[in-house]
1. Could you check the stretch 136-150 and list, in sequence order, the residues that are surrounded by 19 or more Cβ atoms within 10 Å (Cβ to Cβ) and over 24 Å from Ile20 (Cβ atoms)?
2. Restricting attention to the stretch 25-60, which residues are out of contact with any Phe, Trp or Tyr (no Cβ under 6 Å at 6 or more places or on another chain), away from the ligand (no atom under 16 Å from the Cβ) and not aliphatic (A, V, I, L, M)?
3. Step by step: first the residues of the stretch 141-166, then only those that are closer than 23 Å to Val194 by Cβ and touching a helix residue (DSSP H, G or I) at 6+ places or on another chain (Cβ under 6 Å), then the one that is farthest from the ligand (Cβ to nearest atom). Which residue is that?
4. Only one of Arg153, Arg100, Arg105 is closer than 15 Å to Asp189 by Cβ and out of contact with any Asp or Glu (no Cβ under 6 Å at 6 or more places or on another chain). Can you tell me which?
5. Please name all residue pairs, on different chains or six or more residues apart, with Cβ atoms under 6 Å, provided the first residue is in the stretch 1-25 and is closer than 18 Å to Asp252 by Cα and the second residue is of a type in the set (Ser, Thr, Tyr) and in a helix (DSSP H, G or I).
6. Could you tell me whether the stretch 104-116 includes any residue that is within 16 Å of the ligand (Cβ to nearest atom) and either surrounded by fewer than 17 Cβ atoms within 10 Å (Cβ to Cβ) or part of a loop (DSSP other than H, G, I, E, B) (or both)?
7. With respect to the numbered conditions (1) touching a strand residue (DSSP E or B) at 6+ places or on another chain (Cβ under 6 Å); (2) more than 12 Å from the ligand (Cβ to nearest atom), which one is the sole condition not fulfilled by Pro73?
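Quick note: the coordinates plus some simple rules give every number you see, no bench work behind them. Everything numeric here is computed off the predicted structure, so don't read it as measured data. Counting neighbours? That spans all protein chains shown, and the Cβs are built from the backbone with ideal geometry, glycine included.
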Amino acid sequence: MEIIILPTPAEVGRVAAAKIASVVQKKPAAVIGLATGSSPQVVYADLQRRVEAGEISFAEARGFALDEYVGIPLEHPESYASVIARDVIGPLGFDPSRVRVPDGRAGDLEAAAREYDAAIRDAGGVDVQILGIGANGHIGFNEPTSSFASRTRVKTLAPSTREANARFFESLDQVPAHCMTQGLGTILDAHELVLVAHGAAKAAAVAAAIEGPLSSFVPGSALQLHESATVVLDEEAAAGLQLANYYRHTYDHKPEWQRF
Ligand code: F6R
């Protein structure tokens, strides 16, 4: 795992975006795994700048969102279908027909989840998966005790996740109780993972995921099983790391051929 600690959230966005841009430059039809929430906003902002500067294009790329609420109307401004359309498809210039979000409104949710997982596989797998991490250690909406082998499925949101996401809704009651999320096994199948975190609220989860034991209690610790995971943090999110100085030293001495 590569751990990069940077001074500001904007720098986190710039370096994570550089990693994703390097994938799209090599493979214009790359499959991008898309996270929602606050963390990746800095990444999308920097990617948009690169698109506008003509450095990269997502016109041929494909996208698969990590998760969606169950039962939320498609047109609700906080459905992840709406968020992905507003924050990703429009600003980055994806072809809307090439971006999918799990169908949290399907009559048969189990079948829809299985079909979504198969569609990712049929697309050749995710080339680079963007991830955030919840304060409780979740990635995607794989809440604590999610199996490392799990595939896309319906989960019950943890009370702390509903409370954290209530800021996007008028009240806590409006936050759906369930979601459909790529599983940890699905996420681990991606060729590369890029997790971004900024802010003090993420420090404990980041430390547990990176330096704690491999445990389904901290779903983010699944990154330890992946052969190509990059974690990009600001100083506040990195505050709980014991080996922070080692990670800084490693990044400062990164050989030129390894840079992206
Ligand atoms: C979003 C997702 C979640 C978030 C996490 C952090 O698609 O899957 O894992 O990344 O809840 O959310 P923020 O970034 O809003 O703090």
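1. Of all residues in the stretch 136-150, those surrounded by 19 or more Cβ atoms within 10 Å (Cβ to Cβ) come to 136-143, 146, 150.
Matches in the stretch 136-150: Asn136, Glu143, Ser146, Ser150.
2. If the condition is that a residue be out of contact with any Phe, Trp or Tyr (no Cβ under 6 Å at 6 or more places or on another chain), away from the ligand (no atom under 16 Å from the Cβ) and not aliphatic (A, V, I, L, M), then Gln25, Lys26, Lys27, Pro28, Gln48, Arg49, Arg50, Glu52, Gly54, Glu55, Ser57, Glu60 are the ones that fit.
3. Ala149
4. Working: Arg100 fails: closer than 15 Å to Asp189 by Cβ; Arg105 fails: closer than 15 Å to Asp189 by Cβ.
It is Arg153.
5. These pairs meet every condition: Ile3/Tyr247; Ile4/Tyr251; Ile5/Tyr247.
6. Just the residues of the stretch 104-116 that are within 16 Å of the ligand (Cβ to nearest atom), to begin with: 104, 113, 116.
The next check asks that each one be either surrounded by fewer than 17 Cβ atoms within 10 Å (Cβ to Cβ) or part of a loop (DSSP other than H, G, I, E, B) (or both); those that pass are 104.
Yes, some residue in the stretch 104-116 is within 16 Å of the ligand (Cβ to nearest atom) and either surrounded by fewer than 17 Cβ atoms within 10 Å (Cβ to Cβ) or part of a loop (DSSP other than H, G, I, E, B) (or both).
7. The single condition Pro73 does not satisfy is (1).
Conditions tested, residue by residue: (1) in a helix (DSSP H, G or I); (2) touching a helix residue (DSSP H, G or I) at 6+ places or on another chain (Cβ under 7 Å).
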{"site": "Val196", "(1), (2)": "no, yes"}
{"site": "Ala201", "(1), (2)": "yes, no"}
{"site": "Leu214", "(1), (2)": "no, yes"}
{"site": "Gly220", "(1), (2)": "yes, yes"}
{"site": "Val232", "(1), (2)": "no, yes"}
{"site": "Ala239", "(1), (2)": "no, yes"}
{"site": "Tyr246", "(1), (2)": "yes, no"}
{"site": "Lys254", "(1), (2)": "no, no"}
